[in-house]
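Reviewing the structure listed below.
Just so you know, all these numbers are worked out from the coordinates, no wet-lab data involved. Worth saying up front: this structure is predicted, and the values here are computed from it rather than measured. Backbone-built Cβ (ideal geometry, glycine too); neighbour counts: all protein chains shown.
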Amino acid sequence: MTQRVFIPDETTACSLGTDAVAKAVKAQLEAHGIDAELVRNGSRGAFHLEPLVEVEDAGQRLVFGPVSPADVPGLFGSGVLPGRDHAACLGRVDEIPFLAGQTRLTFARVGEAAPLDLAAYKASGGGVALERALSISSAQVVQEIETSGLRGRGGAAFPAAIKWQTVLDAPGTEKYIVCNADEGDSGTFADRLLMECDPYQLLEAMAIAGITVGAKLGIIYLRSEYPKAHEVLNAAIAQAQTAALLGDNILGSGTSFDVEVRLGAGSYICGEETAMLESIEGKRGVVRAKPPLPALSGLFGKPTLVHNVLTLAAVTSVLAGGGSHYAAHGTGRSRGTMPFQIGGNVLCGGLVELPFGRPLDSLLNEFAGGSFSGRAFKAVQVGGPLGAYLAANDWQMPLDYEAFAAAGAMIGHGGVVAFDDTVDMAEQAEFAMRFCAIESCGKCTPCRIGSKRGEELIQRIRLEEANDGDLQVLDELLEAMELGSLCALGGLTPMPVRSILKSFPGALKAARIEASQVR
Amino acid sequence: MAETVQHWSPQEDLGTPVSPSMETVELTIDGVKVQVPAETSIMRAALSAGIALPKLCATDSLQSFGSCRVCLVEVANRRGLPASCTTPVEPDMVVNTRSERVLRVRRNVVELYISDHPLDCLTCAANGDCELQDVAADVGLRDVRYGIAGENHLDLVPDQSNPYFDFDPSKCIVCSRCVRACEETQGTFALTVSGRGFASKIAASEDVNFFDSECVSCGACVAACPTATLIERDVVERGLPTRTVDTTCAYCGVGCSLRAELQGDEVVRMVPLKTGGANEGHACVKGRFAWGYATHADRVLNPLVRDDPSHPWREVSWDDAIEFAAARLQEIQALHGRGSIGGISSSRCTNEEVWVVQKMVRAAFGNNNIDTCARVCHSPTGYGLKQTFGTSAGTQDFASVGHADAILLIGANPTDAHPVFASRMKRRLREGARLIVADPRRIDLVRSPHVEAALHLPVLPGANVALVNALAHVVVSEGLVDEAFVAERCDTDSFAQWRRFIEQPAHAPEQLEDVTGIPAAALREAARLYAGAGNGAIYYGLGVTEHSQGSTMVMGMANLAMATGNIGRDGVGVNPLRGQNNVQGACDMGSFPHELPGYRHISDSAARADFESAWQVALDPEPGLRIPNMFAGSRAGQFRALYIQGEDVAQSDPDTQHVQAALESLDCLIVQDLFLNETAQFAHVFFPGTSFLEKDGTFTNAERRINRVRPVTEPRTGLSEWQVVCKLATAMGYPMDYPSAADIMEEIAALTPTFAGVSFAKLDRVGSVQWPCPDAESTGTRVMHETRFVRGEGKFMVTEYVPTEERANRRYPLILTTGRILSQYNVGAQTRRTQNSLWHDQDVLEIHEADAELRGIGDGERVFVSSRKGATVLTAHLSDRVPAGVVHTTFHHPESEANVVTTEFSDWATNCPEYKVTAVQVLPSNETPAADTVG
């Protein structure tokens, strides 16, 4: 059996130096005549360990990391592959606590093999879901998804089965599948990690969706800031076509479905589903009013199934393992697993796929291992830039859509950004408004003008120039944005601001009160 | 004058377009039960029930957009506050438009608007006509709590580049109504929102000024703007109107309904009427803005006479002028016979004015020497459609194009010549209809934003009949004939004969490639597309009629439509795009030497008897002279006097030198016009005419729609034109008098079966009527020949292609064809006297680069254009819009003398001149360019 060395070729890992490490390893292997294949696999998402080198020996994958090029001679200089007894060895993959503590369904395959290795994909269960989908009726597929309890992972958590059923039932022969890969939330990277490291899973899921609802074309709307994902997806599509996972005759079934990648142009709002559809149609990325729902009148006015990367990918788990198996994970109405993305001021950042229901605190302490600065955590923003900032008394809250909603927060796309006690919450509140002002498409007034006025108002409060009534104005502005905005950008921008007002009392008020005391 | 004053107020706006649904939904809004068609918005449901709702981005001419967020409402059992404009009604829905929360959010949204808006309402041009002002009042905004220190757009600089309207971005609320109007209503896509978020602003083209942008100045954006951001310059300078008069545009044959908005008797602005049947709230740069000629200093307001055209004019009273004219005409008749005089009626005048002119000729002149300027444009339409279908008119209404699946556009350039219809057509094309353009030039519709023709057939000038025969050959030989339709609806003998003719291999596209200049494969594809698309519609213009085989071509198109079953329902038909506002009406009103009103032949003694009995005069049963015969007769000395109403034959008719010689030979030429035109140089009597703003009457547009023309002011000349004609007839011994124009229509209705049910009272009540309108109950006919052809069975006519004798040769190697441009109109008498000349200040000669290079001609250089008839000098514009071998010019400016080069050839059946084909040579000229003619 050939010996293999795995070094990730994935954006985060590369940015931490895996290319240089790979080069050094290759040189060592050659210099010492070690008969081992160097595989550039995907990253497992334990970024604090990157560059992470895995050595396969006798079917075991041993982990070394983080490895710098300077460390490489120490690993391979002896002329044989480093073993378990090497001082730097962290143990087997399943012995790494950050990974061992996860429940990986969607990300099970991520980091195992070279992303474009179709044989490895099949060997690890790839294609099973598609075959099953081809063997049962559309109604049965939708039933499986309903059983699974899968909800939209892009942020809105809308029950996936209802969308599928709506598109399936929509009249017309021209329908589309659109995969939203415009992953723009700060602190999120799960879509990218999946597309770069397990592209076939997404393509398989899209094919299942197309076959089920009667679409012939799927479009992946990919943000332009993901060049590696673009490259991988295009290569994967070509190979999937060759292998009949896509194309005119999928797995010999006579059914056709194909996938194209469209690049965004750098606009956050194009991650909003209707603005994304406008963008794909070649127009300005501006939000559409709903109704009509995209499921009935979406891309080019045709019924369109729009899902985030993670939602679609989860469908392969649902079909392969069965809806009830998927639903066995989780809690309440939040079924299955959620790939959380830990970032910010943390010791161990990366992807953590967990069943719903675990407390938020487990992400912070069990997985993240505390703050990077060593100081105490003060706030955690969950769900991207529009998510709530949660203070310590909320950290025992279960990771569950309903629990978060009840607390004025959201799981969103699963981004978790931690801040230590040096953070200025008033500045974060101002940032929320500024973010909205920068990223607003400008169509609706509460978002276009409201975010700008909100930014200015909070600035005034922070500069202690505010009038006594300004908090009342801010409150009414937040209400107008929440209730009046056309889409979730303006509608959710108040969430972080309100969470700061609620959970960090004094952050905004203090300045004003102090100011009035000065006068 | 209207009997009651119509006070100015904005036109009704129910916020979102009407729902086409036939189902009715009942819901409750603010406790009121409301029934509306399904798919209606909550907003429209509320507004149509009289329940007020604030709105800014919504207007019922545009699809709902949902951006302004001031129309939010509460809906029972629904989260949040849905926008009433984008939320459709549902059965038993319970809506609350005025909850405390709704009112607070609305007020906060309006406060945001005002935090970025100048607080200058009192000095703003839109004060009193501003929807933002109305909404701020509605929500009770009393304070802008954000202060004035925030970022804003108040320093943005106004764009005053357009002569008719201003754009002041500092007042813009970014509702996108202008952008959407440019897209949805006009279809030009000149406007966009540039930037995003707070930086969003309206931009013309790629952020250039309006004048330099792709904007066609139709005014749709100005009409749609809820604030003073886009506003008519006249309103800025003069203030808001106080009263309104609804009338009809006097430019092209689309016949847009316009609302003249006035201060006293002065027009402040002209806006398209949303209830207008032809235009449904849209207009173009001419109708909307180019009405200033009516008060231009060049207007002649008093009658003029002179004994000889070499003498100076003498200003005289109406009575003296009429006596002078009558005496001359009678003297000439006494010397040279009854038939030595005649008249030409005008397609620019009302039906009532035309009626009295032809009546004067027949009854007072005592002959049938009456013709009309339709002779030189659409006479072949009348002839061709009468032969085949039985009616000298187009088959559809304009709205029909909204149901067409394949549109065959032949020899017409609607985006320039019929812009409001072009907007309808473009909308349908954006919805997916396929377009075939048959035109030597690559007109804009071949490819422009969001429109692309499926096929462009660049037919060589003069080869139309070969083209239509080849199309028909494909239909017949490829089994595309709608046999059931033909069997049921058409004259089968004529069909059999036609089929034998058209089946001949000589008509195959492959055989005719060299004649038509069209690749056979493209022509076959066009035939299949037209015949097989479902609803195939033909639209055509003067590129069909103004040929030696104009009438043959019209019949060829009628054959094609009948053979494919594309007649008698929405979305199909054979549709002339009429050049002038009342071409249809002038023809309907009996302006032809062989036809009485209603297209009844003068030799038809029963018809003649009706008129003789009504008019108490004996009518000449022999047809009179056509215009070309009049000119020939004049040069021969037999025809001695001519009355011309509203046509500048010296500029507009072909072979100018011949026309001028004919006019010079007359003993008496009477010209009735707004201005001393080119023809008036040869006149003895000049009767000042009235502009459409002074006329009371009706125009009939290209869809047979009879629209009211209402005066905004008394005739500035003191007399209505029909009164002048009546006085002249009376002075010649045949008393004619009517209490009002309405009484003329009463006579028209009494003597013209297709108009029998038409009256001013009915038109005032229902807006407009498309003839036939045979009785008092009828409200007209939208689509003709629905169950049977007017002539009974549709008749196929054999259409042998006969090449014109006007051919390119060694001396005159290029073919000149003529056309129109958007900003100017025909001979330019009106548009040249407006700021429209800023867009097009001279006629240019479009010439293909290859032809130009061969002759050493550069772009913008002056060139000498000569035919066997004459020569003129024009500025060359190198262009690949024309194919090599073809050159094109407009004829809007008299100094261009475009018709100096056109020839005497004409349609074999109707004498419609062959303007579209003149063999010319083009050579460099050393003459300096002509000065600008703005004025």
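Odds and ends about this structure:
- If R0 is 30 Å, the Cβ-Cβ spacing of A:Glu231 and A:Ile136 corresponds to a FRET efficiency of close to 0.30.
- Close amide H partners of B:Leu230, meaning residues 5 or more places away or on another chain with modelled amide H under 5 Å apart, are B:Asp168.
- Share, in percent, of DSSP beta bridges within chain A that are antiparallel, nearest 5: 55
- Farthest positive-ward along the stretch B:1-116 dipole, Cα basis, beta-carbon charges - from B:Leu81, B:Thr97, B:Gly66: B:Leu81
- For the stretch B:724-801, the set of GluC sites (Glu not before Pro) satisfying both a DSSP loop assignment and a count of at most 16 other C-beta atoms within 10 Å is given as B:Glu777, B:Glu786, B:Glu800.
- Share antiparallel - DSSP beta bridges, chain B, percent rounded to 5: 60
- Other protein chain Cβ atoms within 10 Å, averaged over every residue that makes up A:198-204: 0
- Peptide-level mean, for B:61-68, of C-beta atoms on other protein chains within 10 Å: 4
- Placing +1 on the Cβ of every Lys and Arg and -1 on the Cβ of every Asp and Glu, with nothing else charged, gives the stretch A:123-277 a dipole about its Cα centre of roughly 140 debye.
- Backbone N under 19 Å from the B:Ser317 label point (7 Å along Cα→Cβ), restricted to the stretch B:653-694: B:686-688
- Averaged over peptide A:432-441, the number of partner chain Cβ atoms lying within 10 Å of each residue's Cβ comes to 2.
- Greater than 18 Å apart at Cα, pairs in A:Lys378/A:Lys502; A:Lys163/A:Lys283; A:Lys26/A:Lys122; B:Lys869/B:Lys916: A:Lys163/A:Lys283; A:Lys26/A:Lys122
- Helix runs (DSSP H) in chain B reaching 24 Å along axis by Cα, Kyte-Doolittle at least 1.6: none
- Simple Cβ-charge dipole of the stretch B:165-316, Lys/Arg +1 and Asp/Glu -1, about Cα centre, in debye nearest 20: 400
- Under 5 Å, built H, 5+ apart or other chain: amide partners of A:Gly218: A:Ile177, A:Asp258, A:Val259, A:Glu260
- Using Cβ point charges alone (K and R +1, D and E -1), the dipole size of the stretch B:70-185 about the Cα centre works out to roughly 600 debye.
- The value of relative contact order for chain B, using C-alpha pairs under 8 Å at least six residues apart, is 13 percent.
- The antiparallel fraction among DSSP beta bridges confined to the stretch B:381-534 stands at about 20%.
- Simple label model, 7 Å out from Cα along Cβ direction - B:Glu805 to A:Arg92, nm: 10.4
- Annotation: lysines with alpha-carbon distance below 21 angstrom to A:Lys23 (same-chain offsets under eight excluded): A:Lys228.
- For the pair the stretch A:203-244 / the stretch A:23-79, the C-alpha centres are spaced 31 Å from each other.
- Near-label residues of the stretch B:185-216 by backbone N, under 12 Å of a point 7 Å along Cα→Cβ of B:Gln63: B:185
- Local electrostatic count, B:Leu467, Cβ distance below 13 Å [Lys/Arg +1, Asp/Glu -1]: -2
- Given R0 = 60 Å, the distance between the Cβ atoms of A:Thr103 and A:Leu471 translates into a calculated FRET efficiency of 0.85.
- Positive end of the dipole of the stretch A:121-327 (Cβ unit charges, origin at the Cα centre): among A:Leu203, A:Val178, A:Leu310, the Cα lying farthest that way belongs to A:Val178.
- Three-way shape call for the stretch A:121-327 based on the alpha-carbon gyration tensor, with the a/c threshold at 1.5: rounded
- When the charge dipole of the stretch A:425-518 is built from unit charges on Cβ atoms (+1 for Lys and Arg, -1 for Asp and Glu) and taken about the Cα centre, the candidate among A:Ile449, A:Ser503, A:Ala429 whose Cα reaches farthest toward its positive end is A:Ile449.
- Remark: the B:Glu237-B:His336 segment gains 29.9 nm on full extension, using 0.36 nm per residue and subtracting the alpha carbon distance.
- Over the stretch B:24-123, the hull volume per residue, using the convex hull of the C-alpha atoms, is 116 Å³.
- Projected label distance in nm at B:Gln497 and A:Ala31, using a 7 Å step from Cα toward the beta-carbon: 10.2
- Shown is the FRET efficiency for A:Lys122 and B:Ala76, computed with R0 = 56 Å from the Cβ-Cβ distance and rounded to the nearest 0.05: 0.55.
- The alpha carbon gyration tensor of the stretch B:591-723 gives principal lengths a ≥ b ≥ c with a/c of 1.5 or higher and a/b no greater than b/c, which makes the shape oblate.
- Tensor-based shape of chain A (alpha-carbon gyration tensor, a/c under 1.5 rounded, otherwise prolate or oblate): oblate
- Extension gain for the segment B:Leu122 to B:Glu151, taken as residue separation times 0.36 nm less the Cα-Cα distance, is 8.1 nm to one decimal.
- The spacing between the stretch B:101-143 and the stretch B:35-85, judged by their C-alpha centroids, is 19 Å.
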